[in-house]
Amino acid sequence: MFEKMLNRTYRWAQKNSLWVLPFNTGGCNGCDIEILDLLTPRYDVERMGILAEASPRHADVLLCTGPVTYQTRDAIWQIYSQMPSPKWVVAVGSCGATGGVFTGSDTVLGGVDKVLPVDLYIPGCPVRPEAIIAGLIKLQEKIVKGAENG
Amino acid sequence: MFEGLFYLFVFPGLAFQVFCGLAFEWVDRKLLARFQRRVGPQWYQPLADLIKLFSKEDLLPTGASGWVATILPLISLAAVLTAGLYIPVAGFTPFSFEGDLIVIVFLMGIPTLAYYLAGMTSVGIYSILGGARSLLQYFSYEVPLLLAFSGPAILSGSWSVAEILKSQAELGPFILFQPVGFCLAIAGLIGKLKRDPLDIPKAKSEVVAGSLTEFSGGKLAFWHLTMDIQAIVGIFLLINLFFGMPLGISPWINTLIFSGEVLLVIFILSASSSIFARLRIDQLASLGWRILVPVGIIQLLFVILMGV
Amino acid sequence: MLRALIDALFSKADTVQYPYGPVSLPEGFRGAIEFIPERCTGCGLCVRDCPANGLELIRESREDFQLWYYPARCAYCGQCQLTCPRGAISHTNDMVLPTTDPEGLAVLLKTGHKNSNKKQ
Amino acid sequence: MTKNIIPIGPQHPLLKEPISVNIEVSGEDVLGGSLRIGYVHRGIERLAQERTYVQNVHLIERICGICSHVHTTTFCYAVEDLLGVEIPPRAQYIRALMCELERIHSHLLWIGILAKHIGLDMVFMHSWHNREIVLDIMEALSGGRVSHAANLIGGVRFDMDAEHESMVRRKLQKLGDQLFGVLDAIRTDPTIRARTIGVAPITADQIREYSVVGPVARASGVAVDMRRDSPLPPYDKLDFNVITYPEGDAWARTMVRVDETRESLKLCESILDQMPEGPVTTRVRRKVPAGETVIRAEAPRGEVFYYLRSDGSEFPARLKIRTPTLAALSLIPVQLSEIRVADIPVVLAGIDLCIACADR
């Protein structure tokens, strides 16, 4: 009983306090500036408790933008392994989801899911800030659902 | 016995201070957001952040010392909580003795030292750099801060915060006599709390998160809590030393005045963190030693002459 | 700097309502695509010009083909809309919603032989 | 004192894109640094050879998300040069309008990033808030906030009607009103001055030696501006000032961008005033005749250089792109000496890093 309540409190807190770590895995900057845009007055995601964090050890969500290039493959894995669990990965943009325009390039590995377990994909090129917000809300729902399952 | 426990754990001890610390963080973040034309966080945000951090996995980098890293945030949290006990809240103080101001100043210095040690026990270069910077910064702001604090003490002829408060009720708020001292104290407080523009030890774009870069989970939560409570204790102290209030009318009126003064100081802190860019460490040192310290000494002389 | 601060303090926040209110996207925004199957002849010009392999034409014969659309690959550039000689394909200003399965977004736009528009 | 290496990147709050800078420090003094790039290398030049010219316009747009329009513009002018067509004047003016809007948006973005790096979040927010107006204009015109897809070979995708024009004028007016307060505040703010004046100066000789272009060069008194030196069509009919500052330090780099933002605002107005009537597209063939060409244009960060060779097919035979950031990156190790650790953000931000451009 107590454990269940504690679990529910934890899920509530995790839902309402997502600290994101944006990382450009080889994208074109378009999605990155849209993510940075989320912090600015127009979209202000601090309303939803979302902060951009600097250190992987403080972050809950890894926002990967762009296709994974061979050069960033190790770096992205290293960052992911430094994050404390529970942690989530969101692939932002069509490039992050599947490789997008850059599919077929010799130096591009493909989508983020080639390297990390991705929880959510947000298609778009570049993704509108509204879509990223929608994605993060979907992630919040997913976190809360996790509590009900166990 | 029961009363003592109540003072320790509820008011003005643990529960009250945690509540005030979280409330401070919210007001501060909301004000910053308003200055930036944003909406800002919800009221439960600091609480959610704290609980979330406790629910996270606690990672330590290989090579870092586990028990030292655990004990440091606890020690600094205990230090600021103890310091908070001796500071009158709206004129109410259960534990007060002659010389408690010195104890408070001493206790408030412990988190900085712990912060430095936390940086040194981590293996990351950012932590080491942040720790070293925090100590460098400590030497720059601490002396002006002490000079600023000694003004009210000398003026009232006592080193007890409660006595200083009492003499202000007779003489009038000390900020009228020592506006310079108040400015020094604000500058020193900003440095102590490592807030913008003196957030040199944890400057995001230079040293990621300073000493706390490698911390996660519960330890980070304790550090955040320490910072918040340290801020609220510092603000309470500043108010008691410089603003004062008419005592003995009604506790409700006192509470009202006190809250208003707290909000005013938070506003000053937030505004100054908005309009100033972060200083370089050498600029801070020269500001501290070339400007703040001489000004502090001159104003202290002025206070002493006034007392004569 | 102080003046900007005071201005900001006494002006309303410029934050959009979303997610606590309705989402308002501008008119010209290129979002999810709209497809009119009756106009499509299966010529494959859109597939040839798509820069991101977002469209795929699986052709058995002239009449027997499948036209697939993959939103998670799409670059939302509007080239297909420009290329299609019969105006069968166009961008709407609806946002493409996030998903947990990018391949699950794939839409079968048209199957040639049945001449129907079954969506999966 | 002992020497330490600060590894900045590939992930660091200072960098929005992955590069790796290893900085050698002794206490708070920076002794030197080395740079590693290539994390964002997506092989676009190679990829372009496998795609048709039509597809390439959209591929080229995704070289960089900040200066996407100027890349496609340059590419389209190159292809049109090989095709031997001249696009209608109205299309040229619309392209130039988008270029100038993009310059405003890029410079505002840069000012915000610099302010964020020196701990002045309020300026970051206000600057980006004003930038939203520019993005709104560009989206209303072309349908995309960041990747506009405004160009196609032989013209532009969209036309402006009177309603659009008045909307653009109104919003630019509003932007000007809001912006000038912020820009003046940046010019006079004592803490920004304290953090930037005299930091990491670059001499004009160094600029020439390292072939640095754009605002960084102009901040050291080297007046290079492709809009004036090798103008693409509408710019030869337009009147504007090339902003230069002689100091060469971080302060001058800030001021060049601040002044260029105002200059671009004026330029947008004059483009709207001079906008000719007529069609916006011409029909072109898909196959480009064999030949080679070089086109240069002024991106927000400096000169972009496109070399295009065609062998008569639908696919380019060789596409070589030179972007301004690549030249400026080579200056980073030079600047990283005799500064403090706290100046590293100012140095890195100062040259306006766009790694996506540099690596391609």
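The values are calculated or read from the model by the stated rules, or taken from the named source; none is laboratory data. Note that this is a predicted model, so its numbers are computed, not measured. So basically every Cβ, Gly included, is an ideal-geometry build from the backbone, and we count neighbours across all protein chains shown. With ligands, DNA and RNA removed, areas are computed over all heavy atoms of the protein, side chains included. Shrake-Rupley method; radii C 1.70, N 1.55, O 1.52, S 1.80 Å.
A few remarks follow.
- Global geometry of chain D, whether rounded, prolate or oblate, following the gyration tensor of its Cα atoms and the 1.5 cut on a/c: oblate
- Computed over chain B, the per-residue total of -39500 (n - 2.57) for DSSP H runs of n ≥ 4 gives a 222 nm mean residue ellipticity of -23500 deg cm²/dmol, rounded to 500.
- The chymotrypsin sites (Phe, Trp or Tyr not before Pro) of region C:1-56 that meet both conditions, a loop assignment by DSSP and at most 14 other Cβ atoms within 10 Å of the site Cβ, are C:10, C:20.
- Computed over protein heavy atoms with a 1.4 Å probe, the accessible surface of chain B works out to 37 Å² per residue.
- Solution diffusion estimate, µm²/s, Stokes-Einstein, the protein assembly as shown, Kirkwood Rh from C-alpha pairs, 37 °C, viscosity 0.692 mPa s: 111 µm²/s
- Theoretical ellipticity at 222 nm over chain D - DSSP helices of four or more residues, -39500 (n - 2.57) apiece, nearest 500: -15500 deg cm²/dmol
- Percent antiparallel among DSSP beta bridges (both partners in the protein assembly as shown, rounded to 5): 75 percent
- 0 to 90° range, to nearest 10: angle between helix B:45-55 axis and chain B longest Cα axis: 40 degrees
- Modelled FRET efficiency - R0 35 Å, residue D:204 with residue B:139, Cβ distances, 0.05 increments: 0.30
- The local environment of residue B:240, defined by Cβ-Cβ distances under 14 Å, has a net charge of -2 under the rule Lys, Arg +1 and Asp, Glu -1.
- Carbon + sulfur, % of accessible area of region A:20-149 - ligands and nucleic acids excluded, 1.4 Å: 49 percent
- Calculated [222 nm] ellipticity per residue, helices only, for chain A: -12500 deg cm²/dmol; basis is -39500 (n - 2.57) per DSSP H run with n ≥ 4, divided by all residues, nearest 500.
- Charge sum, other residues only, whose C-beta stays under 13 Å from residue D:232's C-beta, Lys/Arg counted +1 and Asp/Glu -1: -4
- Chains A and C together bury roughly 2300 Å² of accessible area, counting both sides, with a 1.4 Å probe on protein heavy atoms only.
- Accessible surface buried at the A:B interface totals approximately 2500 Å², computed with a 1.4 Å probe on protein heavy atoms.
- DSSP beta bridges in chain A [antiparallel fraction, %, rounded to 5]: 10 percent
- Förster radius 35 Å - calculated FRET efficiency between residue C:11 and residue A:145, Cβ distance, rounded to 0.05: 0.35
- Directionally averaged projected area (convex hull, Cα atoms, region A:47-121), nm²: 5.1 nm²
- Under a Gaussian network description of chain B, with springs only between Cα atoms under 10 Å, the residue in B:160, B:273, B:65 that fluctuates furthest is B:65.
- C-alpha long axis of helix D:162-188 to longest principal axis of chain D, angle in °: 10 degrees
- Within the shell of other residues whose beta carbon sits under 13 angstrom from the beta carbon of residue C:59, the net charge comes to -1, with Lys and Arg scored +1 and Asp and Glu -1.
- Restricting attention to chain A, lysine pairs at least eight places apart or on different chains and with alpha-carbon atoms under 19 angstrom apart total 11.
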